[in-house]
Structure formats: structure tokens, C-alpha cells
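The values are calculated or read from the model by the stated rules, or taken from the named source; none is laboratory data. Since we're looking at a predicted model, the values are computed, not measured. Neighbour counts are summed over all protein chains in view; Cβ atoms, including those assigned to glycine, are modelled from backbone coordinates with ideal geometry. Accessible surface is based on the protein model in full, side chains and every heavy atom, while ligands, DNA and RNA are left aside. Shrake-Rupley method; radii C 1.70, N 1.55, O 1.52, S 1.80 Å.
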Amino acid sequence: VLDESLRAVSGFQGTEDLSDDKLMDIPFASDCIRMKKVSSAPSYDVEGKDDVIVNFEASDSVIQQWCEAIEKHMPLTLCHSSAMVRAASITCFAGMTSSVFMCFTKEKQDFILSSLVHAAVRDNVPSVRSSACRAIGIISCFPQVCQSAEVLEKFIHAVEINTRDALISVRITASWALANICDAICHSERIPPFRQQMGSISNPQLIVLLSECALHLTKDGDKVKSNAVRALGYISRILKCSTSKFQDTRMDHHNHMNEAFLNTKNAMACQQHCLQDLNRLERIVHAFIASITTGNVKVQWNVCHALGNLFLNETLRLQDMEWSPVLFGTLLQLLRDSSNFKIRIQAAAALAVPVSVLDYGQSFSKIVQSVEHLLENMDEDQISGPSNFKYRVSLKKQLTLTMLHVLSFTSNSNDQQLKDFLVMKALILEDWFKGLCSSGEGMHDVQDKSIADRKRVMICSALQSLIELYREKQQDAIVEKFEKLKNNV
């Protein structure tokens, strides 16, 4: 009763399941996103504001009730002789919002954090430790918490201990919390104000501990494995896999750097660290491939999501990785053959992440042709069950986004067979673009206009790339048609 009451006054509505920062900003895909709220994953706001806006009067009342619970009730229930009462008491913290937590004094914040760690590490009853891990998975995503290296380190060790529990129910919750912590670290590293305050959060020892723990969990059951691969996806995004930035700085040292930074010891340490991260990344990739092969639908979905994060690693030269063709081939296979439309959507989304034709390497031509074939034959695609029907439109829109993305790179490709293929498909592509151009009409409000403008930019970029390609192939009639299309966008 206390838990439900505190959730109600706090305005807790759950958090978005595996949400990405820019999910709602993606043209085409954003048209059909279902806003489903569940209490099983973190949600972020770049400005650090909470999703729920509470007025000052209500906020004072909320804080007053929380303070009363923390001061009068929690000290008794947290050490109650009944494990059921202790678990329920810990669960109250999982219903807290970041705006409420931010209003507490440091003393109360420390009480909450230390109570969670103590319950996760010290309590003898599995259900209590599981509840503590769940609350840690929620609270670790609060901006005030995920920016603290000291707190996150305690959370990581508390969760890691429970990932080795004998009971699968505890390992499931602990692995979920582990993935959320990795998400919080990855998110904090991407936001400049957070990154400046991160301190030692992303220090090598913690990253090693997180990655080794997650790698071990990929050998567990599917409910644990799905969380493990999600965690590895976030880790793979922030690993430093190249010394290129160091080398670029060294070349320009006369203008920007002092001699001390460029000594041999620092250079060797930087190179050794990058090699360690590359070796770790290779193990993570093998875990992804093994999980795709042996995991259930949820595992496969999470692997696709993780590969999208891997491709976002700015220090990684995808074209130089021996395993890149295997990953692209795996995503294409899932996109073509999976009976689950949600998996196919996520596979298509991952294929739209690389930012240049070089990143796709030798797989580029195959990806373009495969996505074109899928779009061309979308109407003939057999829906395996009723649950897939509602995702059909989403799949088509994500394929559209992926197709526009890869088409924008085609003029930079040296593959003449691919260019011949696109010449052969010119009439089909022309009709397809006509349909896309007409879909941008009828948008009046500000949000729709903004999305429509971004659609036009993507369409124009893809059209311009094809125009250059057709001009190179001396297809003047086709060039004229596509230039007219572009002018009418």
C-alpha cells in the first residue's frame, strides 16, 4: 500500500522500454512509434528534466510524504523480520522519480542509496536482493546518480554479486540492472556536460568488470542473456578502439600539445589500452553471434539493438574489422528470414547506422540490393501471425529510412555491378520516390512540418546521389527524370 501510494503521489508512470534518445526524431519511423510505457527500462532527458512535470504545491506535498516515509516507516520496514516486508519496502524506491530524488537532502539520498546496496549485498533472502537490484536498475539512471563515480561503483559491485546468484530469478533482475547501469554510463559519456563530470566512472577497471560480467551472462538462460547482450551493446559503443585521435594530436603537437604528453611511455600505454579494448570488442562480437544463433526472439532483438550501438562507436574503423561482414550478413539474414517483424525492424535500423560507404566495406552492395528487394516485394511478404500485423507499417517505414540512408552513399561506391543494378531498377526507384514525395503532403502543425522537412532532406540526398551515379553511367534520360523528382520534393 505504501509503495502504490508513493508511486501515485510521485507521478511515477513507468519508463520507456529500451528507448533511444532520438527515437521520436527519426523521420518515417517516428510516424508509427507506439508510445507504450512499462516499468522495465530507463528513460532519459538530455536536459536532465523528469518526464513528469509537477507543480510546486504538489511537489512540496510529494516530498513531505516521501520524507515522512523515509524518516518514520522505512527504518522499521527495511530491517523487519519478514523478508516479504523488507522486499516490499525496497520496492518503494523503485517507484521513485528523479525529480523527487533530486529534492531530497544529501542525507536522505545517501540513506536511499546505502539501503539499496546493503539489501543487495547483505540480505540473506533472494527476493529481497532481487528487489534491491530492480531498484538499483531504476535509480542508477537518474542524472544525479549516474554522474557519480562513487555511487555507480557501489551499484556495479552490488549487482555483479547478484549476477552469480544460484537462483535464476535473482540473476534476471541483476542482469537487467547491469544493462541499465551500462546504458546510464553510455548515455552520460555522450552528453558533454555529463562527460565533464564523469570522473572515473568509465575507468578501465569498471568497464572490464562490466564487460566480463556481461560476457559470462551470455551463457545463461535467455531471460538473462537478453539483458547481457543489451549491456554489451552499450559497452561496445564506448570502448576506445583506435589510437587515431592520439596520432592526429601528435602530428599537430607544435601547435597544440606539450612534449610531456608525447613521450614514448604515454604512446605505448595508449596503444596497449586500445589493443585491449579491441580484443575485448572481438570477444563481445563473438558473443553477439553466438547469442543470435542460440537465443530466443527477445535475445535476437536485443542483439540487433546492441549491434546498432556497436556501429555508433566513433573510434571504430568498421571496414578494418574482419568480423564486420559477418555482422552485416547476420543482420541481413534476420531482415530477410525472421518471422518476427520486431526483429526485422531492429535489424533494418542497425543497418542504417554506419555513416559512410567505407564503414559498410564489401557488404555495401549486398545491403543496398537486399533492402531494395525487400521494399519492392513488401506487399508479397507473408505475415506469420496476428502479432506481426500491427508492425507491418513500422517495418515498411524503417526499410524506407534504411534505403534512403544507403542510397545516399551509392555515388561514392566503386562497385560497378551495384551501379548497373541501380540503373536496371531506375523505373522502380522512380515510382518509389514519387510515392515518398507525396507522403510529405498534408502536414500542418509545427512538429509534422519539422519531420516533413527532415524527410525532404533525406529524400533529396538519396536522389542527388543517384543522379550523380546515373550521370556517371551516361543515363541522360534517367538523370532528367530524377532531377525533375528532386526539384519537386
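Is it true that Glu322 is open to solvent by 30 Å² or more (accessible area, probe 1.4 Å), part of a loop (DSSP other than H, G, I, E, B) and under 19 Å from Tyr234 (Cβ atoms)? Judged against the criteria, Glu322 is not a match. Note on the range 94-199: enclosed helices (runs of 4 or more DSSP H) holding 2 or more residues that are touching a Lys or Arg at 6+ places or on another chain (Cβ under 7 Å) are 106-122, 168-190. Every condition in (1) part of a helix (DSSP H, G or I); (2) in contact with a helix residue (DSSP H, G or I) (Cβ under 7 Å, 6 or more places away or on another chain); (3) aliphatic (A, V, I, L, M); (4) in contact (Cβ under 8 Å) with a residue 12 or more places away in the chain holds for Val85 except the one numbered (4). Against the condition surrounded by 15 or more Cβ atoms within 10 Å (Cβ to Cβ), under 29 Å from Ile451 (Cα atoms), modelled with pLDDT of 95 or more and more than 17 Å from the chain's Cα centre (by Cα), how does Ser363 come out, does it pass? So Ser363 does not fit the description; no.
For the range 310-319, filtered to residues that are part of a helix (DSSP H, G or I) and open to solvent by 10 Å² or more (accessible area, probe 1.4 Å), the residue that is nearest to Arg280 (Cα to Cα) is Phe311. Among the residues of the range 335-366, count how many are under 18 Å from His305 (Cβ atoms) and part of a helix (DSSP H, G or I). Selection size over the range 335-366: 12.
Restricting attention to the range 136-152, the residues that are open to solvent by 20 Å² or more (accessible area, probe 1.4 Å) and touching a residue at least 60 places away in the same chain (Cβ under 8 Å) add up to 1. Within the range 302-329, residues that are of a type in the set (Val, Ile, Thr) have Cβ atoms under 6 Å from residues that are modelled with pLDDT under 95 in these pairs: Val303/Ile292; Thr315/Lys240; Thr315/Cys241; Thr315/Ser242, counting only partners at least 6 apart in sequence or on another chain. Return a yes/no flag: does the range 226-245 have any residue that is within 14 Å of Leu281 (Cα to Cα), in contact with an Asp or Glu (Cβ under 8 Å, 6 or more places away or on another chain), among the charged types (D, E, K, R) and open to solvent by 30 Å² or more (accessible area, probe 1.4 Å). Within the range 226-245 (the criterion being within 14 Å of Leu281 (Cα to Cα), in contact with an Asp or Glu (Cβ under 8 Å, 6 or more places away or on another chain), among the charged types (D, E, K, R) and open to solvent by 30 Å² or more (accessible area, probe 1.4 Å)), the answer is yes, since at least one residue qualifies.
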